[in-house]
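The values are calculated or read from the model by the stated rules, or taken from the named source; none is laboratory data. In this text, all values refer to a predicted model and were calculated from it rather than measured experimentally. So basically every Cβ, Gly included, is an ideal-geometry build from the backbone, and we count neighbours across all protein chains shown.
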Amino acid sequence: MEATTIHTAVREHYGELARTSNSCCATGSSTLYDENLIQAVPTEVSGFSLGCGDPITLAKLKPGETVLDLGSGGGLDCFLAARQVGATGRAIGVDMTPDMLAKARSNAERLKVANVEFREGYLEALPVEDQSVDVVISNCVINLSPDKVQVFREVFRVLKPDGRVAVSDIVTNGVLPEAVQKSMEAWGACVAGALDQRDYVRGLQAAGFVNVQVQPKGQTDRALASLPIGVPFSATITATKPNGTLAVDPLVIPLEVEPAQATAGKFDQLLGQVDALDTFDNGYDLRVKGDVATIRALVDELSAAASCCSPLSFNVVESADGVHVRITNNAASQPTTTATTGCCN
């Protein structure tokens, strides 16, 4: 699939969201950020959230730092970062969607934030000088790039030595179904472009980064990360650019991906009972051993734990060869549902 096709589809999807001021979920950013972090931001700005996490808290920003936000959207993360780095620091947002840039600049003028600017450009060719940034953040956007390897190279280029990466993004544990990978709706929904978590680590390491870690964001994400079948989940990604005094060969750095933690109680029980796995067009079929009522209860809890923007649905089906749990990725088949509006938390 051509990069220009993906860029066009993503730009149109998010341009429409900018024009209609639709956030991804009814809850907006309330489930993503600590209340103390966003309480000073008007709800019209803080409520427009298309992210999947909180890169600001993850980044541990310091006064005087320069922060670059990849895919800055309506500007929320830039405004939060600008406040933390103070008057001696600055925040730069890069976005390829003119409607988003217009919205962000209007918000900056309204909020009277002087130490923030927004630039039009692609993540694969950042309009930012070499070694000029202390921290790179991003919130559910790198997955939208058709060339993530080039994005990682660009991030390495613009970061100063000892600079750091603090990203929230969507990843998988296994390969996505081909039908999802080719769906333009699924690209806009932060699903089709999601990398396997190991490839994310390898890509950052190949670009030159060290101390790379990928960790599921929450309990539901840890559960999904435990299924090696390509379902998307939210993760935090951190990495560091060496200061130049280390002899680093990115090709021989040992893989540092954080293994998916064993999920507690009900999730462990369900996963431990899977004895066969098959695929269908937009999902996976797990044959599960055990009592039907117990399996239904476990699946109900897993389904209830999924957020409003999860593209997954879970169903229990009884058949002649046993009980099956079907996990369907709706992003490729239901482009008008809440699951495909671009939020992945």
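Residue check: is Gly86 in contact with a strand residue (DSSP E or B) (Cβ under 8 Å, 6 or more places away or on another chain) and in the same structural domain as Ala40 (by TED's automatic domain parsing)? Please lay out each step first, then the result.
Details: in contact with a strand residue (DSSP E or B) (Cβ under 8 Å, 6 or more places away or on another chain): no; in the same structural domain as Ala40 (by TED's automatic domain parsing): yes.
No, not satisfied.
Got at least one residue in region 161-172 being more than 19 Å from Tyr200 (Cα to Cα) and more than 15 Å from the chain's Cα centre (by Cα)?
First pass over region 161-172, keeping only residues more than 19 Å from Tyr200 (Cα to Cα): 161-162.
Remaining after also requiring more than 15 Å from the chain's Cα centre (by Cα): 161-162.
So far as region 161-172 goes, yes, one or more of its residues are more than 19 Å from Tyr200 (Cα to Cα) and more than 15 Å from the chain's Cα centre (by Cα).
Looking at Val135, Val167, Val151, which one is in contact with an Asp or Glu (Cβ under 7 Å, 6 or more places away or on another chain) and closer than 30 Å to Thr328 by Cβ? Explain how you work it out, then say what you get.
On the way: Val135 fails: closer than 30 Å to Thr328 by Cβ; Val167 fails: in contact with an Asp or Glu (Cβ under 7 Å, 6 or more places away or on another chain).
Matching residue, one of Val135, Val167, Val151: Val151.
Would you be able to tell me the number of residues in region 197-212 that are of a type in the set (A, V, I, L, M) and within 13 Å of Thr238 (Cα to Cα)? I'd like the intermediate steps shown before the answer.
Step one: filter region 197-212 for residues of a type in the set (A, V, I, L, M), giving 201, 204, 206-207, 210, 212.
Applying the additional criterion that residues be within 13 Å of Thr238 (Cα to Cα) yields 201, 204, 210, 212.
Here the count works out to 4.
Does at least one position in region 101-111 carry a residue that is modelled with pLDDT of 95 or more, buried (at least 24 other Cβ atoms within 10 Å of the Cβ) and assigned by TED's automatic domain parsing to the domain that holds Pro55?
No: zero hits.
Can you name the residue in region 49-62 that is modelled with pLDDT under 95 and in contact with a Lys or Arg (Cβ under 8 Å, 6 or more places away or on another chain) and is also surrounded by the fewest Cβ atoms within 10 Å (Cβ to Cβ) among such residues?
Filtering first and then ranking leaves Gly53.
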